[in-house]
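**Student:** Dropping a structure here in structure tokens format, bear with me for questions.
The values are calculated or read from the model by the stated rules, or taken from the named source; none is laboratory data. In this text, all values refer to a predicted model and were calculated from it rather than measured experimentally. So basically every Cβ, Gly included, is an ideal-geometry build from the backbone, and we count neighbours across all protein chains shown. Heads up: the accessible areas ignore ligands, DNA and RNA and are worked out on the full protein's heavy atoms, side chains in. Shrake-Rupley method; radii C 1.70, N 1.55, O 1.52, S 1.80 Å.
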Amino acid sequence: MDGCLSNFEDVAHDFEARLPGSMYVAVDLELTGVSEVGSSPDSYAESATKRIAKMCSIAETHAPVQLGLTLVCEGLSGQATCASYNFYCLPYDGVECLSRPSFGSRPSSLKFLRDRHFDFNRWIQEGVPYVCREDEDQYLESLDRSGEVDPQLAQKVGLLRVWKALKAAKKPLVVHCPLDLFFLLTTFERRRLPRDPRELASLVLQCFPCVYDTAYLHGSIGDFSTLGLTGFMKDALRRHNHLVAEGNARPLLFTLEARTEARYGGTASSRRAHEAGYDSLVTAQLFALLFRIDTKTVAKSNNRLFLYKSTEYLDLQAARDGGEISGPLFKPPVMTIVARLGLRDDMETMRRISKAGFQYKRIDSWHVLVIFNGDSEGSEEAAAGLSVKLTGVRRWLQFEQWQKEEESLLSSRSDSICSENLGSSASTAASSDAQPSPTRQAALPSDDECSEPDTAQRFLGCIKSFESQRGFGFLECPHLFAKYGRDVFLHHKQMNNFDVGQFVSFAIRENDRGHPQAHNLKAVDPFQDSGHLNLKGCAIKRAMAGQDREVETTLRQ
């Protein structure tokens with residue numbers, strides 16, 4: 001049922017009446033933004049701690065425009081009754097708020113809502129007000145000090161009433177991806193979330209007895225084709241029906257409360273996708289199906305939250321109890337290896353990985369994460385066998401090694417940006433009659449500064465990235481990464497006609513901070529010209545780099 005300013009009292013009363021008899025509550029939010037301004041996209045290189053901090057920042061910066069809640073009551077004979085609520089929500093902006101609310105919005109998110117027929121006029125005119133519990137506490141303290149009573153308090157706090165009922169009921173919460181949970185906390189509980197994962201986990205488990213994430217269950221149960229909510233639901237329904245037909249699962253019949261049926265039943269459902277109430281209904285039904293598909297896995301998956309583009313999950317229970325804050329997403333024993341593609345977005349190579357029976361995750365346009373199940377020895381044999389079939393892979397390396405190199409790349413980019421800023425500041429501080437230098441030239445060493453005789457020690461590497469607008473890029477070289485802990489800086493004057501992904505030999509020079517910089521690049525065949533290059537021998541067990549004759553021979557045996 002739809003909840004707005006004009007009917008909020010009736011809808012809230014209905015929610016409060018049904019809540020005690022429900023088994024669990026599913027939630028979904030529609031938001032003004034789902035990414036952090038100026039931050040890099042989610043990456044497999046990020047740690048769980050860094051990803052948590054990013055989600056906290058996103059939830060603190062943006063706001064929900066719709067809150068969807070679905071209550072599920074299970075009856076006899078495998079029947080589950082669902083009651084869904086779709087609240088338009090708008091922060092209360094009265095003078096009583098000691099910290100006046102504000103929020104950011106991303107054009108992409110607003111266009112997404114527009115394309116799904118979100119009613120912005122109704123949101124502004126009929127949105128139910130809400131305040132954070134902290135704001136309410138501060139306002140009540142001010143009333144106590146003045147001895148005043150505010151008869152309009154209930155209307156001002158609005159949706160906070162629903163949040164309080166939800167917390168008091170102590171029902172399990174079901175989400176599809178954890179970002180909605182972070183928004184719930186910043187909207188109703190605390191404007192600023194703790195960045196310490198243990199403190200954050202404690203806050204979550206103070207509000208709810210446990211949390212289930214269907215996105216985490218997607219991987220822990222496994223063998224579903226898509227993570228998208230609607231597609232995931234269809235996959236789960238097909239699998240459940242198949243198990244029921246074989247006698248391996250209990251049947252399940254969903255019935256909808258009358259007003260929920262009127263809004264989301266039958267052919268109306270296709271028009272309501274990405275409305276918060278409808279998506280909360282799909283999430284609730286998906287969880288019920290997953291529970292019947294694999295009851296044991298679901299039962300032990302509580303308080304484990306999925307992290308997008310990560311090999312880890314967030315473990316709320318362990319974090320609160322002082323244990324590890326995260327765990328491995330893929331079931332052990334498993335080996336994860338990164339394939340560096342020879343061609344950008346090489347879909348043919350990815351299809352071959354899948355056809356060979358291996359699971360893979362696309363990291364970016366140039367890298368694919370391949371998951372090998374089994375013990376270490378068996379995984380290495382499988383990796384060696386797969387590499388023979390994949391001529392489109394230019395390089396193999398262990399995930400941990402790739403992660404360190406990627407972290408180094410991000411750090412190097414940050415250092416370069418800082419150098420540009422310092423160079424720009426130095427130019428500004430110079431006398432007015434001096435000729436100012438462009439920021440890029442002030443920050444980057446000149447070609448002359450990098451000159452060395454051709455007899456200098458040479459190394460083999462692959463051009464990992466190059467940003468023409470900034471005038472620099474980076475080379476990846478396992479030997480130098482082991483020495484310096486970072487990729488090799490590449491000045492635009494050294495780039496010449498080389499391409500990203502190309503193997504080159506090069507000499508290096510250390511800058512004043514001791515970081516390696518490449519110069520005198522020459523094109524090479526990494527397997528024919530490696531005799532005169534300084535290469536660090538490595539086996540498939542350790543690096544999977546494929547950069548010398550030893551590894552090339554191992555891969556082709």
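**Student:** In terms of the Cα gyration tensor, with a ≥ b ≥ c the square roots of its eigenvalues, is the range 273-344 rounded because a/c is under 1.5, prolate because a/b exceeds b/c, or oblate?
**Tutor:** Here the range 273-344 falls in the oblate category.
**Student:** log₁₀ I(q)/I(0) of the range 160-211 at q = 0.14, 0.17, 0.18 Å⁻¹, via Debye over equal Cα point scatterers, no solvent, to two decimals?
**Tutor:** Evaluating at q = 0.14, 0.17, 0.18 Å⁻¹ gives log10 I(q)/I(0) of -0.33, -0.49, -0.55.
**Student:** Next question. Measuring from label point to label point, each 7 Å out along Cα→Cβ, what is the Leu153 to Glu400 span in nm?
**Tutor:** Using points 7 Å along Cα→Cβ, the separation is 5.6 nm.
**Student:** Quick check: from the Cα gyration tensor, does the range 67-175 come out rounded (a/c under 1.5), prolate or oblate?
**Tutor:** Oblate shape, in that a/c is at least 1.5 and b/c is the bigger or equal ratio.
**Student:** Under a 1.4 Å probe, what is the accessible area of the range 1-132 per residue, stated in Å²?
**Tutor:** Computed with neighbouring chains in place, this is 42 Å² per residue.
**Student:** Taking each pair of different alpha-carbon atoms in the range 169-311 once, compute 1/r for the pair, average those values, and report the inverse of that mean as the Kirkwood hydrodynamic radius in Å to one decimal.
**Tutor:** Every distinct Cα pair counted, the radius reaches 16.5 Å.
**Student:** Turning to a different aspect of this structure: Any lysines with Cα under 18 Å of the Lys309 Cα? List them, leaving off those in the same chain fewer than 8 positions away.
**Tutor:** The reachable lysines, counting only those whose Cα sits under 18 Å from Lys309, are Lys50, Lys54, Lys331, Lys361, Lys404.
**Student:** Here's a follow-up. Gain in length, Glu348 to Leu110, computed as 0.36 nm per residue apart minus the alpha-carbon separation, to one decimal in nm?
**Tutor:** Here the answer is 82.2 nm.
**Student:** Would you give the gap between the C-alpha center of the range 43-71 and the C-alpha center of the range 262-309, rounded to a whole Å?
**Tutor:** Each part reduced to its Cα centre gives a spacing of 19 Å.
**Student:** With the other protein chains left in place, how much accessible area per residue, in square angstrom, belongs to the range 219-340 at a 1.4 angstrom probe?
**Tutor:** Per-residue value: 46 Å².
**Student:** Say R0 is 45 Å: what FRET efficiency, to the nearest 0.05, do Asp93 and Thr255 get from their beta-carbon distance?
**Tutor:** 0.65
**Student:** Nearest 20 debye, what's the magnitude of the dipole of the range 264-378 about its Cα centre given +1 on Lys and Arg Cβ and -1 on Asp and Glu Cβ?
**Tutor:** That gives the range 264-378 a dipole magnitude of about 360 debye.
**Student:** OK, next. Need the full-extension length gain, Ile124 to Asn497, defined as separation in residues times 0.36 nm minus the C-alpha distance. One decimal, nm.
**Tutor:** Here the segment from Ile124 to Asn497 would lengthen by 128.8 nm.
**Student:** Got a sec? What order do Lys167, Lys296, Lys54 fall in by accessible area at 1.4 Å, biggest, i.e. largest, first?
**Tutor:** The residues order as Lys296, Lys167, Lys54, largest area first.
**Student:** Separate question: Could you tell me the calculated FRET efficiency between Asp223 and Asp144, based on Cβ-Cβ distance and R0 = 60 angstrom, to the nearest 0.05?
**Tutor:** E(calc), rounded to 0.05, equals 0.55.
**Student:** In nm, to one decimal, how far is the modelled label at Arg513 from the one at Arg190, with both set 7 Å along Cα→Cβ?
**Tutor:** So the two model labels end up 3.4 nm from each other.
**Student:** Could you check the simple spin-label distance between Tyr308 and Glu246, using points 7 Å along Cα→Cβ, in nm with one decimal?
**Tutor:** Between Tyr308 and Glu246, the simple spin-label model gives 3.3 nm.
**Student:** Under 8 Å for C-alpha pairs, at least 6 residues apart: give me the relative contact order for the range 1-71, rounded to a whole percent.
**Tutor:** 46 percent
**Student:** Considering amide H positions built from the backbone, and no H for Pro or chain starts, which residues 5 or more places from Val128, or on another chain, come under 5 Å of its amide H?
**Tutor:** Amide H to amide H, under 5 Å and 5 or more residues apart or across chains, Val128 pairs with Leu5, Tyr88, Cys89, Leu90.
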